[in-house]
Amino acid sequence: MYSKTDFGNAQINYKWLFYDNDVESSEGLTLAISPIYSFPLTRTSRIRGLAEDVRVLSMPVIGSLVRGPWEFVAQASYDIASGEGSVDGLAYGIFAVYNTTDSLQLMAEVYGAELSGDGFVDVGFLMTRAL
């Protein structure tokens, strides 16, 4: 048995905070757009099976609301993929944090994805590749 090592996928990301209703305090609503471009970094990583030859452009919109010890973050993203066997999709989720003390936080996250294309079959919460 041997190990495979190489670089995986690289990402270029930019986050634009276009709305912040309360700059002076740590509470309030913020909205941002954060486009991400992901691509395989090296040809050898694709040959070794460490990275797929797929490029993905994600266009997430992120909202954050802070009220007292509570913080809620929601995100929705449309992902455009190119490459052999690639599938476009929609990803979404919500994340909640309750700050009990300075050193203890309670967190919960719910997320999902909807994929398009003939290569996937919808089986409820799970998406499986059709053979």
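Values in this text are rule-based calculations from the coordinates and carry no lab data. Predicted model, so just to flag it, every value in this text is computed and none were measured. Don't worry about glycine lacking a Cβ; one is built from the backbone with ideal geometry, like all the others, and counts go over all protein chains shown.
List of remarks:
- Net +/- balance of residues flanking residue 99 in space, Cβ distance below 13 Å, scoring K and R +1, D and E -1: -2
- For segment 1-109, the list of trypsin sites (Lys or Arg not before Pro) that fall in a loop by DSSP and count at most 12 other C-beta atoms within 10 angstrom reads 4, 15, 48.
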